[in-house]
Amino acid sequence: GAAIQKGDLKIDSRLKEFFFFILADPIQQFYYDQITIDHLLAMSSGLMWDESHKDDSKDSTIMKMLYGKDQMDMNQFVLSQVVEMMPGFKWNYNGGNAVVLMAILKKIYGNDQFADDLLFKPLKIKNAFFEKDASGNAIAAMYSYMTPADMIKIGLLYLENGSYQGVQ
């Protein structure tokens, strides 16, 4: 949201502007080419995804992303998923969307400092961070660490529609 507000990212920017793939299936290519930042934020990217967290779930995409054998690059794992339907058609909670959004922000800003600059410093959060995968991608779907008091600040930001202590 802060990157959009600053004009560094547009909500209607397409995923293909940041990660370009040529897919064998023309329908898959068409669907992939339609995915926007808005679709990623709204959990309507159309990517086939199972967010179940059961230990024995063989179909859980999130568990494969987090704990799959030889899983090194979670962003690439997410981007390798089948686009099962036209983006924007159906809501499906997808933690992988957050991983892709963080990778996009890293491309825009050239480093991982953006989380501190755009979110943590304005909220006066000093010791928060996102854990990273083996390729250095922030795992934004989970594994963010901060104090309970700092979590409350995130909750207040949400409750106030992106405003904290009167500052948007």
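Return yes or no: is Met146 farther than 14 Å from Gly96 by Cα, open to solvent by less than 50 Å² (accessible area, probe 1.4 Å) and hydrophobic (A, V, I, L, M, F, W, C)? Considered against the rule, which asks whether it is farther than 14 Å from Gly96 by Cα, open to solvent by less than 50 Å² (accessible area, probe 1.4 Å) and hydrophobic (A, V, I, L, M, F, W, C), Met146 comes out as yes.
Among the candidates Ser44, Ser52, Ser60, which residue alone is over 15 Å from the mean Cα position of the chain (by Cα), hydroxyl-bearing (Ser, Thr, Tyr) and either crowded, with 17+ Cβ neighbours inside 10 Å or under 27 Å from Leu118 (Cβ atoms) (or both)?
So the residue among Ser44, Ser52, Ser60 that is over 15 Å from the mean Cα position of the chain (by Cα), hydroxyl-bearing (Ser, Thr, Tyr) and either crowded, with 17+ Cβ neighbours inside 10 Å or under 27 Å from Leu118 (Cβ atoms) (or both) is Ser60.
Name every residue in segment 116-162 that is closer than 27 Å to Leu66 by Cα and acidic (Asp, Glu), in order of residue number. Selection gives Asp116, Asp117, Glu131, Asp133, Asp150.
For segment 112-144, the candidate set comprises residues that are within 15 Å of the chain's Cα centre (by Cα) and among the small types (Gly, Ala, Ser); within that set, the residue that is nearest to Asn94 (Cα to Cα) is Ala141. Of all the residues in segment 23-82, those that are small (Gly, Ala, Ser) and within 22 Å of Ala134 (Cβ to Cβ) number 3. Here the condition is being assigned to a loop (DSSP other than H, G, I, E, B) and acidic (Asp, Glu); of Asp33, Asp38, Asp59, it holds for Asp59 alone. Of all residues assigned to segment 143-155, at least one qualifies as being closer than 30 Å to Met72 by Cβ, in contact with a Phe, Trp or Tyr (Cβ under 9 Å, 6 or more places away or on another chain) and at pLDDT below 90.
Restricting attention to segment 149-168, report how many residues are under 23 Å from Val100 (Cβ atoms) and open to solvent by 70 Å² or more (accessible area, probe 1.4 Å). I'd like the intermediate steps shown before the answer.
Taking segment 149-168 and keeping what is under 23 Å from Val100 (Cβ atoms), we get 154, 157-158, 162.
Going one step further and asking which of them are open to solvent by 70 Å² or more (accessible area, probe 1.4 Å), we end up with 158.
So the count comes out to 1.
Note on segment 1-41: residues that are surrounded by 13 or more Cβ atoms within 10 Å (Cβ to Cβ) and in contact with a strand residue (DSSP E or B) (Cβ under 6 Å, 6 or more places away or on another chain) total 5.
Report whether or not Gly96 is part of a loop (DSSP other than H, G, I, E, B) and closer than 27 Å to Gly7 by Cα.
On the way: part of a loop (DSSP other than H, G, I, E, B): no; closer than 27 Å to Gly7 by Cα: yes.
So Gly96 fails the test.
Residues of segment 73-95 that are open to solvent by less than 20 Å² (accessible area, probe 1.4 Å), in contact (Cβ under 8 Å) with a residue 40 or more places away in the chain and touching a strand residue (DSSP E or B) at 6+ places or on another chain (Cβ under 8 Å): Val83, Pro87, Asn94.
The values are calculated or read from the model by the stated rules, or taken from the named source; none is laboratory data. Computed from a predicted structure; not experimentally measured. We place every Cβ from the backbone using ideal geometry, glycine too, and count neighbours over all the protein chains shown. All accessible areas refer to the heavy atoms of the entire protein, side chains included, with ligands and DNA or RNA removed. Shrake-Rupley method; radii C 1.70, N 1.55, O 1.52, S 1.80 Å.
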